[in-house]
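The values are calculated or read from the model by the stated rules, or taken from the named source; none is laboratory data. Bear in mind the structure is a predicted one, so any value in this text is a computation, not a measurement. Cβ atoms come from the backbone with ideal geometry, glycine included; neighbour counts cover every protein chain shown.
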Amino acid sequence: MVVNTSNAGCTGTSICNGLSVNVTTSTGSSVASFVVPTASLGGSYTQEITGLTGGSKYTVAGTSINSTTVTYTPSATPTIVSGSVTPVTIKYDKT
């Protein structure tokens, strides 16, 4: 999981503090969550998520930041392929 805040205006401010990401199953059960370290805000942060089931769909949700748009690549509901290491990117852009 990659969280990119390089264009969100996070550097030198506290507006992005506490930014978190949650990964849930199709039934809404949380399987992973993490908080982006303050030192990584204003750049890119990578967090490995393990223990996901191949072929299953998961929803990825990053917390909102005022005055930003959030995009998910490939999407906010990726399908996990067993044995693959395909990053999902959450990108925050200042609007």
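If you filter segment 44-62 down to residues that are touching a strand residue (DSSP E or B) at 6+ places or on another chain (Cβ under 6 Å) and over 16 Å from S29 (Cα atoms), you find that the one that is surrounded by the most Cβ atoms within 10 Å (Cβ to Cβ) is Y45.
Those residues that are farther than 19 Å from L19 by Cα and modelled with pLDDT of 80 or more, I need them from segment 46-74; list them, please.
T50, G51, L52, T53, G54, G55, S56, K57, Y58
Residues of segment 45-95 that are touching a residue at least 60 places away in the same chain (Cβ under 8 Å) and either farther than 23 Å from T5 by Cβ or not hydrophobic (A, V, I, L, M, F, W, C) (or both): T68, P87, T89, K91, Y92, D93, K94.
V3 meets all of the listed conditions (1) within 12 Å of Y92 (Cα to Cα); (2) of a type in the set (A, V, I, L, M); (3) part of a loop (DSSP other than H, G, I, E, B) but one, namely (3). Please verify whether I65 is surrounded by 12 or more Cβ atoms within 10 Å (Cβ to Cβ), of a type outside the set (D, E, K, R) and more than 12 Å from the chain's Cα centre (by Cα), treating the condition exactly as stated. So I65 fits the description; yes.
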